[in-house]
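All remarks here apply to the structure that follows.
The values are calculated or read from the model by the stated rules, or taken from the named source; none is laboratory data. Just so you know, these numbers come straight off a predicted model, no measurement behind them. Cβ atoms come from the backbone with ideal geometry, glycine included; neighbour counts cover every protein chain shown. Keep in mind that these areas ignore ligands, DNA and RNA; they rest on the heavy atoms of the full protein, side chains included. Shrake-Rupley method; radii C 1.70, N 1.55, O 1.52, S 1.80 Å.
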Amino acid sequence: MNRALLRYVARRVAFLLPQLFIVSIIAFALLKLTPGDPARLALGPAATNEVSVQAMRERLGLDDPVVVQYVKYITNVVQADWGRSFRTQEPILEDIGRRLPATLELITLATLISLLLGASIGIVAGLRPRGILNRFLTWYGFFAGSIPDFWMGLLLIFFFFHLAGIAPAPLGQISISTAAPPEKTYLVPIDALIAGNWAAFESAITHLVLPTLTLVLVYMPAVLKTVSAAVEKYRSEPFLVAARVHGMRRRYVYWYLFRNTLPPTITIVGVLFVFLIGGTVLVEKVFAWNGFGQYAVEAVLRKDLLAVQGFLLVAAAFTMLTYLIVDILYAVADPRVRL
Amino acid sequence: MTIASLGVERRTRSLAGRIWRWFDGDWLFLGAVIALSTIAILGLIAPHLPLADPELPVPEDRLQPPSWSHPFGTDVNGSDILSRVIYAPRVDLLIAILSVLLALAFGSVIGLFGTFFQGRGGIAGLLTELLNRTMDILQSFPAFIVALALAGVVGSDLWSVIGVLTFLFTPIFFRFVRGEVLHIRERLFIEAQTAAGSPLWRVLLVNVSRNSVGAAVVQASPTMGFAILLTAGLAFLGVGVKPPTPEWGLMISSGQEQLYVGRWWPAIFPGMAIAITVFSLAVVGEALRRRLEQ
């Protein structure tokens, strides 16, 4: 049985590299189609001297055939040279490495809380499909899906920061008056812990509350709905009815029920995580989170093409990695997939 | 009462009665349809309503709280927010409707022709396989990331946003049509049509398409909701349509900082408009789906 699982995982992993390769081609092609001369963009509005523009073109290799340009680019990417952002004058890989952790921290936290809350409420609601809780949650789910997440963030800021005054100002990951701990992991709470700086740790945690709550309020119903629908479906399946009428102990019946709701739950959590990789951009802007998403927006607005390319590659890699993990967990939870 | 008289009675029912029958006592569905038509009609006739110019800055009226002369207050430029909220569907709904219709058309055509030959071998079969894989890869990117990158690439006017959303939504409708076509092409009546000597194009365009596009059409309504959320999101980031266009996402964006200091009206009203519209579209989609399944 384990061998079948291993074979499945190996096959799935083998697909990862060609997929990434195709994504890199798409990202590259997309930005080649962008109107505008990258050499002029890199030099900025002051680029009036034709000679320097031409020199920049040669330095960037823009006169080479497109295929040669791609091969050069991808060779460099594999060797961890993703080019320099003309905006920050820093290597792109370093920029991303600095700003990605903040986003991952936020969306991992939001996904985990959505899973815990969504699964537990979903089970309770699914066991009583005609109950008042389930009906209320159905409508809440519909409604939450209609609310722009950035607007929800603003509402929370209005209530908890402006009116109640219990939330910190929505200006980043740590309060301005608190000295930030030295950057090691680029995760502010963890950095604060490493430095033993309790004030910074407390500030970082309180700053996490509202953005996380925003994402949970808007996206948790998706998990909830999936879990309750699965519970509702499987509780009347013949195998469980049979188990019950044969007098199987209650906790075993529940165990088999929950075991069957695992696969759809795994899928929806994966889909949610992937969505949030790009989708938190808006919430990041509301809370001035300064994460990966905001980096991408700045790059897009300033037509910093290499940085956009890097963003696409990292986002796609994370997407594929998440789906890989989802598929593997799915295979563990549902042995039929491995066949 | 005989069956015949029942039939007569049904036909002579009033218009209101017939509409009520069609809604079948579904209050929420009726409410959603009323809300959507109100928003759309108000947007259409907005230039003929006694409203302030939505793009006109009035410096001395900046940031007025809601009052009788400005029921929703005024924004940071002194423009009337009620007027801007009513004008906004001319952008938001237009983008949503056009992008979804275009994607529905492309997705259906590609889905029809691309799927019918799947697994049938030959060049057509090979092309189908290629098409399927391309659509899979397109859908594997998170939607908002694609929208963001594309909007950056193609520019940020109204038509670019429509193009980007069409590109994003085509695979959604392709999937729906594909699922139906795969199922329908195996049905007996298709085989009968082919056996009776109908040319292939006729079978495809008449018999298969008529029976497979329904599922995709039902999906159009919630996808329009998604389109509105994406349009507003892009504008909020500054990548979509530009100020001073009356657009809900832009209005929220310009109200963001006001909200931090307690001026709630510039951001709250457009957000409510988005929520009501998207919610209504979801309700309509759900009601149509249930009707199709019956």
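Radius of gyration (Cα atoms) of the range B:219-294, expressed as a multiple of 2.2 N^0.38 Å: 1.31.
Within the straight-line cut-off of under 15 Å between alpha carbons, the aspartates and glutamates reachable from A:Lys225 are B:Glu286, sequence neighbours fewer than 8 places apart in one chain being disregarded.
Protection proxy ranking for A:247-257, B:171-181, using the average of other Cβ atoms within 10 Å per residue and placing the highest first: B:171-181, A:247-257. Taking only the C-alpha atoms of the range B:16-133, the Rg (one decimal) and the largest Cα-Cα distance, Dmax (whole number), read 23.5, 72 Å.
From most to least packed by mean Cβ count within 10 Å, the peptides B:67-77, B:22-32 give B:67-77, B:22-32.
Once the Cα atoms are used to define both axes, helix A:50-60 deviates from the longest principal axis of chain A by about 40 degrees. Note on the range A:228-338: along the principal axes its Cα atoms extend 67, 32, 17 Å, ordered by decreasing extent. Of the residues A:Val188, B:Leu101, A:Ser85, the one whose Cα sits farthest toward the positive end of the charge dipole of the protein assembly as shown, with +1 on the Cβ of Lys and Arg and -1 on the Cβ of Asp and Glu, is B:Leu101. Neighbours of A:Leu276 by Cβ distance under 11 Å: Lys/Arg scored +1, Asp/Glu scored -1, total -2. Quick test of the membrane-span-like rule: which DSSP H helices of chain B reach at least 20 Å along their long axis (C-alpha atoms) with mean Kyte hydropathy at least 1.0? Those that clear 20 Å and a mean of 1.0 are B:27-45, B:89-116, B:158-184, B:214-237. Over the residues of the protein assembly as shown, the helix contribution to mean residue ellipticity at 222 nm works out to -24000 deg cm²/dmol, using -39500 (n - 2.57) for each DSSP H run of at least 4. Note on the range B:163-223: with charges restricted to the Cβ of Lys and Arg (+1) and Asp and Glu (-1), its dipole about the Cα centre is near 60 debye.
Structural size metrics of the range B:85-293, computed from C-alpha coordinates, are Rg and Dmax of 20.3, 74 Å. Our note on the geometry: Cα centres of the range B:169-198 and the range B:90-118, 17 Å apart. Here each label is just a point 7 Å from Cα along the line to Cβ, and for A:Arg3 and A:Ile325 those points are 3.0 nm apart. Take each peptide in B:224-236, B:246-258, A:311-323, B:268-280, count the other Cβ atoms within 10 Å of every residue, and average; sorted highest first, the result is B:224-236, B:246-258, B:268-280, A:311-323. Listed by chain and number, the lysines placed with their C-alpha closer than 16 angstrom to that of A:Lys32 are A:Lys72, A:Lys303; residues fewer than eight positions away on the same chain are left out.
Subtracting the Cα-Cα distance of B:Glu191 and B:Leu44 from their residue separation scaled by 0.36 nm leaves 48.2 nm. Taking a ≥ b ≥ c as the square roots of the eigenvalues of the Cα gyration tensor of the protein assembly as shown, is the shape rounded (a/c under 1.5), prolate (a/b larger than b/c) or oblate? Because its axes are fairly even, with a/c under 1.5, the protein assembly as shown counts as rounded. Within the same chain, lysines fewer than 8 places from A:Lys184 are excluded, and of the rest, those with a Cα less than 25 Å from its Cα are A:Lys285. What do you get for Rg/Rh over the range A:76-121 if you use C-alpha atoms and the Kirkwood form of Rh? So for the range A:76-121, dividing Rg by the Kirkwood Rh gives 1.29. Here B:His183 sits with roughly 110 square angstrom of accessible surface, probe radius 1.4 Å. Mean per-residue shielding of peptide B:254-261 is 4, counting Cβ atoms of other chains within 10 Å of each Cβ. In the range A:298-328, the residues that give up 40 Å² or more of accessible area when the other protein chains are added, compared with the chain on its own (1.4 Å probe), are A:Val300, A:Leu301, A:Leu312.
For a paramagnetic label modelled on A:Ile113 (point 7 Å from Cα along Cα→Cβ), amide N atoms under 20 Å away belong, within the range A:187-217, to A:187-193, A:200-217.
Annotation: extensible slack from A:Arg12 through A:Leu301 equals 100.4 nm (criterion: 0.36 nm per residue apart, minus Cα-Cα distance). Solvent-accessible surface of the range B:85-293, averaged per residue with a 1.4 angstrom probe and all protein chains in place: 40 square angstrom. Computed with a 1.4 Å probe over protein heavy atoms only, the accessible surface of chain A comes to 51 Å² per residue. Debye calculation, C-alpha points only, no solvent: report log10 I(q)/I(0) for chain A at q = 0.09, 0.15 Å⁻¹, in the same order as the q values. These q points yield log10 I(q)/I(0) values of -0.65, -1.29. Only Lys, Arg, Asp and Glu carry charge here, each on its Cβ (+1 for the first two, -1 for the last two); on that basis the protein assembly as shown has a dipole of about 2800 debye about its Cα centre.
Put simply, chains A and B cover up around 3600 Å² of each other's accessible surface, both sides summed, when a 1.4 Å probe is used.
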